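Participant: Below is one structure. I have some questions about it.
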Amino acid sequence: MTDIPVTIGENALEPLLQFCNDRGLTDFMLVADKNTFPVLGKKVEASLQGGGLNVKSVVFSEPAVVPDEDFIFQVLLRADQVERTYLAVGSGTITDITRIVSHRTRCKFISLPTAPSVDGFTSPSASLVVRRIKTTVMAQPPMAVFADLGTLAAAPQAMIAAGYGDILGKAIALADWQLGHLLWDEPYSPEIAMRVRKTLEACISATSEIGQATPDGIRKLMFSLIDSGKCMLDFGNSRPAAGCEHYMAHFLEMKLLREGRPAVLHGAKVGLCSLQAAELYGRLRQLDRAQAVTRLAEATQPERAADMQRIRQAFGPIAENLFVEQAPFLDMNAADFGLLKQRILEHWDGIQALAAEVPTRDKLADLFSQAGGAIQPAGLGLSDEEVQQALTESHFLRNRFTICKLGRSLGLLDGL
Ligand SMILES: [Zn+2]
């Protein structure tokens, strides 16, 4: 199991100073923005300087921080000959900027989250925007995480709701992962799946506390986010914690970026997209074996040329990369497709059992709105059609089996 020391407490600054002293860390580069510096960065800087340590700070003044060349370069410009430990004071975006710069300058970094907004703090990969295209780049996990509970609880409710949405998505991710295991031979770990399920259940049982941002609710949410991140790290990729709800969110994120529209918090999109995916699982539950046999007999193999055209239309500049990613699906011949259909029937009971674990759409919507999340696309500045398109097109982003892939063979997406 991954051993990244994590401290979540009323005062995370003392343990941070202790940690730095214990490891003989003396020089730091703190990265923050105009929101996170006043709420936490300033205190961190003062605390370490008060302890006789050397701290240089980069504070972004822009109203919105994007993990792109511009911001990465601002941090790189401040780098000097001194070997420094980077301090990421912020949520996911600042953490990812710091993750990549520290890694590429052969330094380490410590994460100091300012909002419980995402499960990526402990991730080894950075989610960046390179030439206006969202890209995931391998870098490094933090050497430690120090989460200051007071700062987290005072974060904007929209960010707290986004963290909750990122966890709520595990209800879909876990079911999709099992589908991938049964139908597409994807590696699966029951132990890690169980750990992810615990993060989900812990958050669901603390929904109203999280909605009210009580210290206890925020502590539980942050624990779940950190644990979920560790599950991905232990498994070696994001599969345990990301299914079609994440691909849908990525699809929307790329669309907003291409169209120059304001970004929407990752977890807010994940929570919303989980509702759509839950609807598909609901439709799956309503099918009995006889109906599945009929539908599969009628199902025709998607045409390669037509799928490639859809990928070009939906993804524009990255279409060529997706042809490679999707090759296992695009290259299926009639015999392969027949085998897949056969496999779906062979595993029908298992498929129904995993679908039974997915909460209904209404249940997820109720939970997410209690936590302050938007349950309608308009609440995030998106249209119904865009979310619909995410449901039908986003599965082209990954060579992983999800309810959307299964839905194509069983007609679950028809008439949505
Ligand atoms: Zn996520």
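The values are calculated or read from the model by the stated rules, or taken from the named source; none is laboratory data. Computed from a prediction, not measured in an experiment: that's the story for all the values here. Don't worry about glycine lacking a Cβ; one is built from the backbone with ideal geometry, like all the others, and counts go over all protein chains shown.
Participant: Sort out for me the helices (runs of 4 or more DSSP H) sitting completely within the range 143-227 that have 1 or more residues that are within 16 Å of the ligand (Cβ to nearest atom) and touching a Pro at 6+ places or on another chain (Cβ under 7 Å).
Facilitator: 157-168, 170-184, 190-205
Participant: Would you please list the contacts, defined by Cβ atoms under 7 Å and residues six or more apart or on different chains, that run from a residue in the range 370-397 that is in contact (Cβ under 8 Å) with a residue 40 or more places away in the chain and assigned by TED's automatic domain parsing to the domain that holds GLY165 to a residue that is hydroxyl-bearing (Ser, Thr, Tyr) and surrounded by fewer than 16 Cβ atoms within 10 Å (Cβ to Cβ)?
Facilitator: Taking only residues 6 or more apart or on different chains, the pairs are GLN370/SER208; PRO377/SER383.
Participant: Also, I was wondering about something else. I'd like to check something: does the range 60-80 contain any residue that is buried (at least 23 other Cβ atoms within 10 Å of the Cβ), farther than 27 Å from LEU221 by Cα and in contact with a strand residue (DSSP E or B) (Cβ under 9 Å, 6 or more places away or on another chain)?
Facilitator: Checked the range 60-80: at least one residue is buried (at least 23 other Cβ atoms within 10 Å of the Cβ), farther than 27 Å from LEU221 by Cα and in contact with a strand residue (DSSP E or B) (Cβ under 9 Å, 6 or more places away or on another chain).
Participant: Tell me which residues, restricted to the range 378-399, are in a helix (DSSP H, G or I) and charged (D, E, K, R).
Facilitator: ASP384, GLU385, GLU386, GLU393
Participant: Next question. Give the residue, chosen from VAL358, VAL270, that is outside any helix (DSSP H, G or I) and surrounded by 15 or more Cβ atoms within 10 Å (Cβ to Cβ).
Facilitator: After ruling out the rest, the residue left standing is VAL358.
Participant: Against the condition in contact with a Cys (Cβ under 7 Å, 6 or more places away or on another chain) and in contact (Cβ under 8 Å) with a residue 60 or more places away in the chain, how does ALA277 come out, does it pass?
Facilitator: yes
Participant: Restricting attention to the range 26-43, report how many residues are touching a strand residue (DSSP E or B) at 6+ places or on another chain (Cβ under 6 Å) and crowded, with 18+ Cβ neighbours inside 10 Å.
Facilitator: The qualifying residues number 10.
Participant: Suppose we keep only residues that are loosely packed, with under 15 Cβ neighbours inside 10 Å and either outside the structural domain of THR207 (by TED's automatic domain parsing) or assigned to a loop (DSSP other than H, G, I, E, B) (or both) within the range 284-300. Which one would you say is nearest to the ligand (Cβ to nearest atom)?
Facilitator: GLN286
Participant: Looking at the range 387-403, can you tell me whether even one residue there is in contact with a Leu (Cβ under 8 Å, 6 or more places away or on another chain) and surrounded by fewer than 17 Cβ atoms within 10 Å (Cβ to Cβ)?
Facilitator: Yes, there is a match, as at least one residue in the range 387-403 is in contact with a Leu (Cβ under 8 Å, 6 or more places away or on another chain) and surrounded by fewer than 17 Cβ atoms within 10 Å (Cβ to Cβ).
Participant: Of the conditions (1) closer than 16 Å to PHE146 by Cβ; (2) in contact with a helix residue (DSSP H, G or I) (Cβ under 7 Å, 6 or more places away or on another chain), VAL75 satisfies every one except a single condition; which number is it?
Facilitator: (1)
Participant: What is the one condition in (1) more than 18 Å from the chain's Cα centre (by Cα); (2) modelled with pLDDT of 95 or more; (3) not β-branched (Val, Ile, Thr) that ALA115 does not satisfy?
Facilitator: (1)
Participant: Is it true that some residue in the range 362-371 is out of contact with any helix residue (DSSP H, G or I) (no Cβ under 6 Å at 6 or more places or on another chain), part of a helix (DSSP H, G or I), under 23 Å from LYS220 (Cβ atoms) and of a type in the set (Ser, Thr, Tyr)?
Facilitator: So far as the range 362-371 goes, yes, one or more of its residues are out of contact with any helix residue (DSSP H, G or I) (no Cβ under 6 Å at 6 or more places or on another chain), part of a helix (DSSP H, G or I), under 23 Å from LYS220 (Cβ atoms) and of a type in the set (Ser, Thr, Tyr).
Participant: Which condition breaks for TYR281 when tested against (1) within 16 Å of the ligand (Cβ to nearest atom); (2) buried (at least 24 other Cβ atoms within 10 Å of the Cβ)?
Facilitator: So the condition that TYR281 fails would be (1).
Participant: I've got another one for you. If you scan the range 108-127, which residues turn out to be assigned to a loop (DSSP other than H, G, I, E, B) and either free of Cβ contacts under 8 Å to residues at least 24 places away in the same chain or within 13 Å of the ligand (Cβ to nearest atom) (or both)?
Facilitator: Correct list: PRO116, SER117, VAL118, ASP119, GLY120, PHE121, THR122, SER123.
Participant: Here's another thing I want to ask about it. Select, from ALA162, ALA206, the only residue that is crowded, with 20+ Cβ neighbours inside 10 Å, farther than 30 Å from LEU339 by Cβ, without any contact (Cβ under 8 Å) to a residue 24 or more places away in the chain and in contact with a Gly (Cβ under 7 Å, 6 or more places away or on another chain).
Facilitator: Answer to the check: ALA206.
Participant: Turning to a different aspect of this structure: Whether any residue in the range 233-255 is within 13 Å of the ligand (Cβ to nearest atom), without any contact (Cβ under 8 Å) to a residue 40 or more places away in the chain and surrounded by 24 or more Cβ atoms within 10 Å (Cβ to Cβ) is what I want to check.
Facilitator: No, every residue in the range 233-255 fails to be within 13 Å of the ligand (Cβ to nearest atom), without any contact (Cβ under 8 Å) to a residue 40 or more places away in the chain and surrounded by 24 or more Cβ atoms within 10 Å (Cβ to Cβ).
Let's see how each residue does on (1) within 30 Å of LYS43 (Cβ to Cβ); (2) buried (at least 24 other Cβ atoms within 10 Å of the Cβ); (3) in contact with a strand residue (DSSP E or B) (Cβ under 9 Å, 6 or more places away or on another chain):
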| site | (1), (2), (3) |
| --- | --- |
| PRO116 | yes, yes, yes |
| PHE121 | yes, yes, yes |
| PRO124 | yes, no, yes |
| VAL130 | no, no, yes |
| VAL137 | no, no, yes |
| MET143 | yes, no, yes |
